[in-house]
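K.L.:
Can you read through this structure? Questions will come right after.
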Amino acid sequence: MKVLNYGSLNVDNVYSVHHIVRGGETILSSKVEQFCGGKGLNQSIALAKAGVPVCHAGLVGEDGGMLLDACRESGVDITHVKTLPVKGGHTIIQVDEKGQNCIILYGGTNQMQTKEYIDQVLEDFGEGDYLILQNEVNLLDYIIDRAYDRGMKIVLNPSPFDEKLDACDLTKIYLFMLNEIEGEQFTGSSDKDEILDRLAAKFPNARFVLTLGSDGAVYYDGKEKVFQDIFKVKAVDTTAAGDTFTGFFMASIIGGASVKEALRTAAKASSIAVSRPGATPSIPTMDEVRESLKD
């Protein structure tokens, strides 16, 4: 069984601000930092730091050297990552004094996937392998269709939630990892139980992990619900919290843990990540998480 994470790779430009800028307003930033990011890269590094051999697929630009270095340093297999002679994906992120953020994303090379490249990548994967996806790359519908044809278990984080998802056959998804905002966008409800019930009715063959911010997280497979509270910490930067949760949850499940154990591990990993600045630099190792769970 192999794990492929097909997703975005971005350079994150992070600006520390007193508050998130409002329309028509100009404010000063107290600090600017550059980090490796992108939901795809974050999740690959989280999986690798959690102890799962993971192969990343995606495209970077000429400015993507630091992204490839970050993958190598974390143990992510980048055999399938290609470099194009153009500008890569990047973000502008504001982080306020409470650790909340807002993000402007430029897709760059993340929006330049081709069917030929996708087919080439998927040739190395098949029945029973895991494919982890986010919605920061183009041709998501094609990736889902081809991976499903090959018998892969498809895990989708539908972020950002936009019209590209309408083209996807989401009945082919094995597991949805989504937050409460995405859950409301899917179902029209803000109540967590209604969200899960409506999702299960719409996708009866899928499983769901719904993260609820300060209210924790819940797993639902149409029959059983498993809840997990948060581990309270002082938030510094929430940028990679959801990606860390996804990576550690999946790593735990792949490693044979129960859903309850996987949720607890993911919640602890996410709590450590939000207490540190940056996206990929904030992601802990599995050893750190296990040690922290002893406290």
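K.L.:
Under a plain spin-label model, where a point goes 7 Å from the Cα along Cα-to-Cβ, how far apart in nm are Met66 and Glu194?
P.N.:
The two pseudo-label positions are separated by 4.4 nm.
K.L.:
Here's a follow-up. Rounded to the nearest 0.05, what FRET efficiency do Ser214 and Glu73 give with R0 = 35 Å and r taken as the Cβ-Cβ distance? Could you check?
P.N.:
That gives a FRET efficiency of 0.60.
K.L.:
With runs of 4+ DSSP H residues as the only contributors, calculate the mean residue ellipticity of the chain at 222 nm using -39,500 (n - 2.57) per run, divided by the residue total and rounded to the nearest 500.
P.N.:
Dividing the helical sum by the residues of the chain leaves -10000 deg cm²/dmol.
K.L.:
For region 79-196, what is the accessible area per residue in Å², given a 1.4 Å probe and the full set of protein chains? Intermediate values should be presented prior to the final figure.
P.N.:
Numbers: 5370 Å² over 118 residues.
Accessible area per residue, region 79-196: 45 Å².
K.L.:
Pop out the carbon and sulfur fraction of the accessible area of region 1-123 as a percent, whole number, probe 1.4 Å.
P.N.:
53
K.L.:
Loop-only check: which trypsin sites (Lys or Arg not before Pro) in region 212-295 are DSSP coil with at most 13 other Cβ within 10 angstrom?
P.N.:
Those that pass, being in a loop and sparsely packed, are Lys223, Lys232, Lys234, Lys294.
K.L.:
Can you tell me the accessible area per residue over region 232-295, all protein chains present, probe 1.4 angstrom, in square angstrom?
P.N.:
Value returned for region 232-295: 41 Å² of accessible area per residue.
K.L.:
Under a GNM of the chain (C-alpha, springs under 10 Å), which listed residue has the highest mean-square fluctuation: Gln100, Gln228, Gln134?
P.N.:
Between Gln100, Gln228, Gln134, it is Gln100 that shows the largest mean-square fluctuation.
K.L.:
Which ³J(HN,Hα) values in Hz, rounded to whole numbers, follow from the phi angles of region 165-178 under the Karplus curve 6.51 cos²θ - 1.76 cosθ + 1.60, where θ = phi - 60° and Gly and Pro get x?
P.N.:
5, 5, 7, 8, 7, 6, 5, 8, 7, 7, 8, 9, 10, 9
K.L.:
I've got another one for you. State the percentage of accessible surface on region 126-173 attributable to carbon and sulfur atoms; use a 1.4 Å probe and exclude ligands, DNA and RNA.
P.N.:
Within region 126-173, the accessible surface is 43 percent carbon and sulfur.
K.L.:
So if we plug the beta-carbon distance of Leu84 and Val21 into 1/(1 + (r/R0)^6) with R0 = 30 Å, what FRET efficiency do we get, rounded to 0.05?
P.N.:
So, using R0 = 30 Å, E works out to roughly 0.40.
K.L.:
Could you identify which residue out of Asp12, Asp191, Asp221 has the top mean-square fluctuation in a GNM of the chain using Cα springs shorter than 10 Å?
P.N.:
Per the Cα network of the chain with a 10 Å cutoff, Asp191 tops the list.
K.L.:
A further question on this structure: Which whole-number percentage describes the relative contact order of the chain, with Cα contacts under 8 Å and a sequence gap of 6 or more?
P.N.:
Over the chain, the number comes to 17 percent.
K.L.:
How many percent of the accessible area of region 233-294 is carbon or sulfur, using a 1.4 Å probe?
P.N.:
So the carbon and sulfur contribution to the accessible surface is 53 percent.
K.L.:
If you take the Cα atoms of the chain, find Rg, then find the Kirkwood Rh from the mean of 1/r over all pairs, what is Rg/Rh? Kindly include the intermediate steps, with their values, before the conclusion.
P.N.:
On the way: Rg = 18.0 Å, Rh = 19.1 Å.
Rounded to two decimals, Rg over Rh is 0.94.
K.L.:
Out of region 98-142, which GluC sites (Glu not before Pro) are coil in DSSP terms and have no more than 15 other C-beta atoms within 10 Å?
P.N.:
Glu123, Glu127
K.L.:
Given a Förster distance of 22 angstrom, what is the FRET efficiency for Ile104 paired with Asp166, based on the Cβ-Cβ distance and rounded to 0.05?
P.N.:
After rounding to 0.05, the efficiency reads 0.45.
K.L.:
I've got another one for you. Residue separation times 0.36 nm, minus the C-alpha to C-alpha distance between Ser30 and Lys234: what's the value?
P.N.:
Value of the extension gain: 71.5 nm.
The values are calculated or read from the model by the stated rules, or taken from the named source; none is laboratory data. Here the structure is a predicted model, which is why all the values come from computation and not from measurement. Cβ: placed from backbone, ideal geometry, glycine included. Neighbour counts: every protein chain shown. Side chains are part of the model used for accessible areas, which takes the heavy atoms of the whole protein and leaves out ligands, DNA and RNA. Shrake-Rupley method; radii C 1.70, N 1.55, O 1.52, S 1.80 Å.
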